[in-house]
Every structure is written in C-alpha cells, then in structure tokens.
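Just so it is clear, none of the values below were taken in a lab; they were calculated from the coordinates. No experiment lies behind these values; they were computed from the predicted model shown. Here Cβ is always computed from backbone atoms with ideal geometry, including for glycine, and neighbour counts include all displayed protein chains.
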Amino acid sequence: MSTTTAPAPVAPIVTSTKTPDPLRAKRRRKLAQWGFLAPAVVFMLLFFGYPLVRNVVMSFQDYSPSTFFTGKAPFNGFDNWKNVFQNDLFGKALLQTILFTIGSLIGQFCIGLALAVFFTKRFPLNGVLRSLILLPWLVPMVVSGIVWRRILDQDTGVLNSFLGIFGVGDTPWLTSTSMALVSVVLVNIWIGIPFNMVILYGGLQEVPKELYEAAALDGASAWRTFRSITLPLLKPVITVVLVLGFMSTVKILDLILALTDGGPADSTQTLGTLTYQNSFVSLDFGAGAVVGNILILISAVFAVFYLRANRNEGK
Amino acid sequence: MTASSPDGLRHRRRRRNRRVIVPLTVVSAIVAGTALSGCGQQRDDNVYTVLNSSTDDSYHGWDAATLSRCSKKLGVTIEQQSVPAAQVMTKSLRMASSKSLPDIIQFDGSEMPTFAETGGLKDLEKLGVATDDIPRGILDYGSYKGTYYGAARTVNTLALFYNKDILNKAGLEVPTTWSEMQESAKKLTQGSRYGVALSAGGAEDGVYQFTPFMWSNGGSETDLGSKQVVEALDYWKALLKDGSLSKSTVNWTQADVNDQFMAGNAAMMINGPWQVETLNTKKGLNWGIAQIPVPEAGDDSVGPLGGGMLTIPDIGDTVREKTSARIINCMTSEQEEITYALNSWMIPANQKAADTWRKKVPELSSLADQVATARSRTAKLGAGWSSVSLALQSAFQAALTGQSSESVLKHAQQRVESGN
C-alpha cells in the first residue's frame with residue numbers, strides 16, 4: 001500500500017495548478033479526439049476528395065496533352081458531355097456494362113450461395129475443397145484474363161478440344177461479336193464465386209441450428225426450410241454481398257483488357273474500358289473524366305444502399 | 001488509494017494524449033506537405049536520365065551497356081528508367097506537369113507527334129544532333145511538321161516469316177503476290193495447322209498489321225472508305241473464308257501470332273523482327289523471312305515503319321539539353337547502332353551502319369529492303385493517328401466477324417470525320 005500511496009502527493013499538486021478549469025480539460029479532450037481523427041480526415045481529403053473534385057472539374061475542361069505543359073485547361077461547358085453522349089460507342093458501352101454487371105451478379109451469387117449451402121453439410125474433405133474453391137480469388141485479375149484467353153481460344157484452346165469429345169463444334173468464345181460478352185461474363189462469374197461463397201458461408205454460420213431442428217421436426221421440406229429460414233435470416237448478408245459485388249463489377253477494366261481489349265468490334269466495351277480508351281489511348285482526358293464521373297455516380301447510388309443496409313444490420 | 005489513483009491515472013492519460021497528438025498531427029502535416037508539393041525539380045548536374053520502354057531483361061541490358069559506354073565517353077553519368085511501352089506517354093505527361101522531365105525520352109514512332117504537338121520537344125538539329133547518312137524516310141519518320149524531333153537508333157517493320165521445312169515439304173515457293181499467298185496458304189492449311197497467321201486484335205498491333213495490305217494496294221489512312229482499303233480488307237476476309245486464317249485472329253496480339261507459329265500451328269506469319277529473339281529459342285524451327293506479298297507482281301511492298309526514337313524534352317536548360325544531344329549522338333553512332341541492331345534484330349537507321357549490318361546478317365536483308373520502302377503511320381495525320389487507328393480496328397474486326405468491308409470502312413471514315 002505504501003508504494004501506491006507514495007506518488008499520491010504529487011497528483012494533488014499537479015491537479016491543483018491545472019484542473020480547476022473543467023472547460024479547458026474538455027477542450028483538450030476535444031482536441032485529442034480531433035488529433036486522432038486528423039490523419040484519417042487528411043488522408044480522405046487528399047486521396048479521395050481531391051481526385052473526385054478534380055475529376056468533376058476536368059469533365060468541364062478542354063484537357064489535352066498540352067495542358068500538362070502549360071497548365072491551361074480552358075473550360076468548355078458541356079462540350080465533353082455532349083461529345084460523349086453523341087458517340088454511338090457510349091450507348092453501346094452502357095448497355096454492355098449493364099448486361100455484364102447483371103449477368104455476373106446473378107451467376108456469382110447463385111453459384112456462390114449454392115456452394116455455401118452445400119458446404120454447411122458435414123462431409124470428408126469439406127475444408128480442403130472449400131479452400132480449393134478460394135483459388136480464383138488469389139489469382140490476380142490480369143493473370144486470370146490471360147489464362148482464360150488461352151483456354152477460350154477457338155482453335156487451340158483447351159475448352160473447345162474438351163467439348164469436341166462430346167461432339168460440340170468449335171465455339172467462337174471470344175471471336176464472335178455475339179458470343180464475346182457472354183464469355184467475358186462467364187469468366188467474371190468464375191472469378192466472383194469465391195467472394196460470394198465465403199461471405200454467404202459466414203452468414204450461414206450465424207443462422208441458429210435450432211431453427212433447422214425445429215423445421216425438421218415440423219416435417220418441412222429442404223426447399224421450404226431454405227425459403228423460410230435460410231433466406232430471410234441471410235438477407236442482411238445478401239444485401240452486402242450484392243452491393244459490394246455490384247460496385248466491383250460495374251467498373252470492370254483489367255479483365256476485359258486482358259481477355260478481348262474491348263473487341264471484337266467493340267462488342268465487349270464497357271464504361272470502364274471506354275474511360276481507359278478516352279483518357280489513355282486518345283488522350284482526351286475531358287471525355288475520359290465524363291465517363292469516369294458517370295461510373296462514380298452509379299457506384300455512389302449503390303454505396304448509399306450499402307450504408308443503409310449496414311446501418312440496419314447494426315440495429 | 002481510491003481517492004488518489006484515479007487522479008494520477010487521469011493525469012497520466014492526459015500526458016499520454018499529448019504525447020500521441022503531437023506526432024500524429026506532425027505526421028499528417030508531413031504527409032500532406034509532401035503529397036501537395038509533389039516531386040519538385042531536382043536535377044543532379046552530372047546525372048542524365050533516359051526514359052525508355054526497355055522493360056524486357058535483354059533490352060534493358062543492351063541499353064545499359066550502350067549507356068555505360070556513352071557515360072565513359074562523355075564523362076557524365078547516364079541512367080535509364082524503364083516503364084512499359086504503354087506508359088511512356090502518360091508518364092512523360094505527368095512528369096511534364098510536375099516539372100521533372102527526364103533528359104531524354106524514347107517514344108514510339110506513333111506517339112512522338114502527340115508529344116511534339118504540345119511544344120514540349122526540342123528541335124534536334126538546332127541542338128546539334130547529327131543527321132548525316134540517315135535516309136530521307138527515316139528523317140521524315142522522326143520529324144513532325146518539318147522539324148526533326150526524334151532520332152532513331154534502329155527501325156523495324158513487318159515481314160512475312162515462313163517455316164522452311166513446311167514449305168519445302170509441300171514443294172512451295174515463298175509467295176510474293178496476294179494470289180500466290182492465298183493459294184499457298186490454302187495448300188498449307190492442314191489439320192490443326194493454318195496456312196498463315198496474323199494479328200487483327202483490337203489494338204495498335206492489329207492496325208500495324210493491316211497497314212502493309214492497305215498501303216501496298218494504294219490505300220490511305222486519310223480515306224478509309226476508298227476502294228483500295230476495302231479491297232485490302234476483303235483480302236483478309238478471303239483468307240479467313242478459305243480457312244487459311246484462324247478465326248481467333250481477331251483476338252491475337254503479335255506475340256500470340258508468334259506463339260502459334262512457333263508451335264507449328266501456322267506455316268507462315270506476318271510479324272516483326274522483335275520476335276526473332278523468342279523464335280530462336282525454339283530448337284529445330286527452321287524459319288525464313290521475306291517481304292510481305294503485294295497485290296500484283298511488280299507493286300511496291302509498303303510496310304509500316306516502326307521503332308523507338310530518342311527525343312529531348314524541353315526542360316528549360318539549354319546547357320543540359322546540349323549535353324543530351326551529345327548523348328543521342330553517341331547512342332546513334334555507327335558502332336552503337338550496329339551493336340544494338342545485331343542484338344535486337346532491328347535495322348540500323350544510319351545508312352553506313354545498315355550496310356555493315358546487312359553483310360553481317362544477310363538472312364535478314366529482306367527486312368532491310370522492306371524498310372527502304374516503309375512508311376510512317378503518322379506522316380500524314382500526325383497526332384490524329386490515334387482516332388483513325390481506333391476507328392480502323394473496330395472496322396476490320398466488324399468485317400472479319402461477318403459484316404461487309406465496304407459499310408464498316410465507310411462508317412469508320414465517318415467516325416473519324418465527326419471526331420467521335
């Protein structure tokens with residue numbers, strides 16, 4: 001006891017000189033809170049706020065290669081926007097982005113959910129198989145793209161040789177304008193399955209086992225159990241998976257560049273590749289910014305959904 | 001204890017707070033400061049930088065050797081900074097805006113006009129870069145609106161590569177005209193092997209490969225809807241229809257074409273000398289090289305002129321820029337050009353160097369002939385090339401996947417004219 005009481009006299013001395021002002025202490029605490037927040041705020045402003053605002057401003061400017069030298073980018077009103085909207089390619093890319101996103105999401109989600117439900121059963125090698133399915137997630141997008149381009153090659157690809165065994169003729173996976181988008185969606189589904197499966201599997205672990213026991217006692221069929229217990233209880237997780245999936249799918253770029261370069265004949269151009277093409281191939285940064293802004297806007301709408309879903313989950 | 005220790009604790013906590021707040025604030029201020037100020041202009045008097053796209057090990061090594069020889073000769077230190085080819089332009093532009101441009105930038109021929117148009121490049125002749133013994137065509141290749149901005153060390157073009165064994169076995173001569181090529185390709189197409197391979201991918205690779213067909217037939221990039229261009233595209237379509245050309249061609253880059261040729265899946269291919277290094281890694285592959293066939297016997301085979309060119313960006317320091325010019329003179333000296341050309345299988349830009357080179361590698365002389373008539377993609381259009389290139393790739397892909405050549409090329413020309 002003596003050791004703990006020893007410093008006691010020191011404290012009153014300090015407090016006597018500094019604590020009489022509770023307002024000051026409060027202010028200091030406030031300052032401390034802001035001190036901790038400051039790095040995050042500075043980081044957000046620098047790396048999210050600044051580029052975002054810059055991108056919006058840029059879409060109203062005539063931003064050409066000379067701008068980098070002169071620093072001059074005259075404002076040109078809605079010229080960039082008009083040019084982008086009048087271009088046939090924009091409508092095409094928008095439609096293809098929608099098809100790509102919806103197709104990918106449905107495929108990834110359904111297969112991911114089916115696998116997640118499957119793995120809740122106990123069977124030998126469950127863990128090993130589950131980790132094997134994670135593999136596509138570990139492979140960088142560009143690598144997947146390049147490997148799949150070889151697999152899907154019409155003449156020398158493995159897939160067509162394999163299908164040939166069953167008498168299925170040469171499928172022009174990436175070389176036909178009507179087929180290429182479907183192929184790109186299929187590859188993206190393959191890439192997205194692990195993410196969906198892992199998150200949904202995690203959600204399934206949260207569903208109380210007793211409910212299933214009760215359902216079994218009531219004699220509910222498997223489908224009925226799934227519909228009335230699994231799905232409703234999984235709803236918050238499903239929202240999160242779909243919204244996150246949407247945001248990562250809608251801005252697709254690397255996969256398409258590696259698989260088809262937007263071709264053949266622009267049949268796999270999306271808003272992502274169009275931004276890239278405008279900014280880095282044509283060096284028309286204003287037009288690139290317009291398409292980029294549209295993408296940000298679309299994502300922002302879904303980000304709001306995501307935040308709301310998360311908040312509801314918190315309650 | 002209950003009375004005293006909370007006070008002590010609070011006191012200690014407060015002190016800790018301050019101990020944390022100060023560094024945190026300082027750190028965020030430093031981060032903000034450095035990020036805002038960017039990379040300022042900090043040049044070492046005796047160190048010169050060359051920005052290039054030699055990211056391949058071998059190319060990086062050859063360049064490093066050249067630069068170290070020139071460093072010794074000129075008494076300065078020359079460093080190279082290599083980024084992927086597609087990033088040279090954007091990296092240079094970023095460096096321009098942060099006023100940290102390198103001393104020398106090696107641009108691809110199709111990109112130089114875009115950079116020159118911004119006014120960011122220096123007139124090489126004024127800075128003292130030698131132009132003796134450089135053929136007119138290559139001087140034009142390095143010029144934009146009459147000013148010489150880019151000095152090429154070596155140039156390249158496309159040629160017809162053929163598998164000697166396969167042609168010999170079939171008893172066929174190397175084709176020289178379109179009809180000969182079409183016939184030979186048809187005969188050589190057997191089993192999983194195609195007669196000919198080329199890249200019609202949706203990027204510059206495909207456009208580069210289309211130009212010799214378009215130009216040898218008298219077509220021009222300024223009039224994509226013309227009869228000559230339509231005929232050239234119809235020729236590609238005919239090869240595809242015969243089955244001599246794989247349908248995957250619309251999805252192949254030039255490197256893919258090379259892989260197919262090496263694997264024996266194609267008897268002939270259109271490709272460039274930069275593939276030779278890889279080709280030679282395949283033992284037992286007996287290949288030859290010839291000029292790209294022409295529409296009718298007697299026509300000129302006009303290929304595209306390619307290759308990097310050394311430019312001096314405007315850094316606002318004439319003394320330094322003059323030294324950069326001396327570095328370019330060293331890099332383009334006869335001996336350096338020959339060394340680089342022999343390593344990389346390209347053709348020296350300097351006429352005297354090219355003559356020596358021809359004697360050393362007679363098997364590649366058809367490449368040198370092809371270069372003599374080759375044309376620059378940007379000679380007519382300058383910075384406007386990129387929009388023509390985009391319209392053209394979309395057009396030939398649409399034609400090869402089923403649409404009529406005439407309508408897609410007319411549409412492409414409209415697209416170029418409307419600026420979309």
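Miscellaneous remarks
- Shown here for region B:259-322: trypsin sites (Lys or Arg not before Pro) in loop regions (DSSP other than H, G, I, E, B) with at most 16 other Cβ atoms within 10 Å, namely B:Lys282, B:Lys283.
- Distance between the pseudo-spin-label points of B:Asp132 and B:Glu277 (7 Å out from Cα toward the beta carbon): 3.2 nm.
- Pairs from A:Lys251/B:Lys380; B:Lys73/B:Lys380; B:Lys122/B:Lys227; B:Lys126/B:Lys352 whose Cα-Cα separation, in the structure shown, is over 30 Å: A:Lys251/B:Lys380; B:Lys73/B:Lys380; B:Lys122/B:Lys227
- 5 angstrom amide H check on B:Ala152, placed H, neighbours 5+ away: B:Leu310
- In plain terms, the residue of B:His411, B:His60 with the fewest other Cβ atoms within 10 Å comes first and the most crowded comes last, giving B:His60, B:His411.
- Quarter the surface of the alpha carbon convex hull of the protein assembly as shown and you get the mean projected area, 46.0 square nanometres.
- A full extension of the chain between B:Gln351 and B:Ser100 corresponds to an added length of 86.9 nm, given 0.36 nm per residue minus the alpha carbon distance.
- Debye log10 I(q)/I(0) at q = 0.14 Å⁻¹ for chain B, Cα point scatterers: -1.27
- Each of B:Asn286 and A:Phe118 was given a label point 7 Å from its Cα along the Cα-to-Cβ line. The distance between the two points is 5.2 nm.
- Geometric extent, Cα atoms of region A:209-256 - Rg, Dmax (angstrom): 16.6, 51
- GNM result for chain A, Cα springs below 10 Å: residue of A:Pro172, A:Pro236, A:Pro39 fluctuating most strongly: A:Pro39
- Across chain B, the relative contact order, built from alpha-carbon pairs under 8 Å that are at least six residues apart, equals 23 percent.
- With the simple spin-label model, which puts each label point 7 Å out from Cα in the Cβ direction, the A:Ser161 to B:Arg43 separation comes to 5.6 nm.
- Cα pair distances exceeding 24 angstrom across region B:245-336, given as percent: 50
- ³J(HN,Hα), Karplus 6.51/-1.76/1.60, whole Hz, each residue of region A:103-111, x for Gly, Pro: x, 4, 4, 4, x, 4, 5, 4, 5
- Once the Cα atoms are used to define both axes, helix B:88-97 deviates from the longest principal axis of chain B by about 40 degrees.
- FRET efficiency estimate (nearest 0.05) - Cβ-Cβ, B:Gln414 to B:Gln228, R0 22 angstrom: 0.75
- Using only alpha-carbon positions in region A:215-315, the gyration tensor eigenvalues give semi-axes of 41, 18, 7 Å once each is multiplied by 5 and square-rooted (largest first).
- All alpha carbon pair distances within region B:258-390 were sorted into 5 Å bins beginning at 0; the resulting P(r) in whole percents reads 2, 8, 14, 16, 17, 17, 13, 7, 3, 2, 1.
- Here's how it looks for B:Thr49: its modeled amide H is under 5 Å from those of B:Glu79, B:Asp103, B:Ile104, which are all 5 or more places away or on a different chain.
- Value at 222 nm in deg cm²/dmol, rounded to 500, when DSSP H runs of n ≥ 4 in the protein assembly as shown each add -39,500 (n - 2.57): -18500 deg cm²/dmol
- Each DSSP beta bridge with both residues in the protein assembly as shown is either parallel or antiparallel, and the antiparallel ones are about 60%.
- Gaussian network model of chain A, Cα within-10 Å springs - most flexible of A:Tyr63, A:Tyr276, A:Tyr212: A:Tyr212
- Couplings 3J(HN,Hα) of region B:132-139, computed from phi: 5, 6, 9, x, 3, x, 6, 4 Hz, in residue order, whole Hz [Karplus 6.51 cos²θ - 1.76 cosθ + 1.60, θ = phi - 60°; x for Gly and Pro].
- Contact order, relative form, for region B:257-331: 16 percent (alpha carbon pairs under 8 Å, 6 or more residues apart, mean separation divided by residue count).
- For chain B, the longest principal axis of the C-alpha atoms and the axis of helix B:4-37 are separated by about 40°.
- Percent RCO, i.e. relative contact order, over chain A, from Cα pairs under 8 Å lying at least 6 residues apart: 25
- Both radii come from the Cα set of region B:160-199: Rg as radius of gyration, Rh as Kirkwood radius; their ratio Rg/Rh reads 0.92.
- Förster-model FRET efficiency, 45 Å R0, A:Arg27 and A:Ala303, C-beta, rounded to 0.05: 0.80
- Amide hydrogen proximity for B:Tyr144: with H placed 1.01 Å from N in the peptide plane, the residues at 5 or more positions away or on another chain lying under 5 Å are B:Tyr149.
- Here the Karplus relation 6.51 cos²θ - 1.76 cosθ + 1.60, evaluated at θ = phi - 60°, turns the backbone of region A:37-54 into coupling constants of 6, 3, x, 5, 5, 4, 4, 4, 4, 6, 9, 10, x, 4, x, 4, 5, 4 Hz, with x for every Gly and Pro.
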